[in-house]
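What follows draws every value from the coordinates through simple rules; no lab data is involved. All of these numbers come straight from a predicted model, not from anything done at the bench. Please note: Cβ atoms are built from the backbone with ideal geometry, for glycine as well, and neighbour counts cover all protein chains shown.
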Amino acid sequence: MKKVEVTTSAIIYDDFSQLSKDDQSLMEQAITARKKAYAPYSKFNVGAALLLDNGKVILGNNQENAAYPSGMCAERVAIWKAGSEYPNMIVKKIAITAASTNTKVNKPVGPCGACRQTLSEYEINQKQPIEVIFMGEEGAVVKTESLLSLLPFSFDSSYL
Ligand code: THU
């Protein structure tokens, strides 16, 4: 028997203005996407912007449904939109932002577990890390070097 320590690392920026110009630009596009979210039930609007290595930026936002489980998160809307249009794509980065009409979201909102799992498939296949940058509406911003750093002991195709 042995005990293992699983560590991860992230950079925490005090706010958006501390990001590099390139990361600010990607986050600004995520904010644009967030403002078009369809979230009448949760009032929690999420936007995602993916940067591909061909320079394209693919946007997504959450799309809810009166039958609640039929809705979808912003990150998966974005990655599937990108994958369907560019099947051999390499994803460099994803920027994520969330804001609510009920409350001020002033802490970073990371991708949910299902979105981490979905994104991990693409990171593994492309054999290159996907940087993940996330924030609320204001306040601190988190940046990790890879998706898998957010998903220890994850499931992948090697088990099948
Ligand atoms: N949501 C996302 O879009 N991404 C996440 O990673 C977490 C949650 C959405 C789903 C739902 O429309 C709303 O936020 C509240 O859960």
Subject >> Relative contact order, percent, the range 12-147 [alpha-carbon distance under 8 Å, six or more residues apart] >> reply: 25
Original post:
In whole Å, what three semi-axes, largest first, describe the equivalent ellipsoid of the chain built from its Cα gyration tensor (square root of 5 times each eigenvalue)?
Top reply: 23, 19, 17
Original post:
Hey, how many Å between the Cα centroid of the range 63-129 and the Cα centroid of the range 7-50?
Top reply: 11
Original post:
How high is the FRET efficiency from Gln24 to Tyr159, r the C-beta distance, R0 41 Å, rounded to 0.05?
Top reply: 0.60
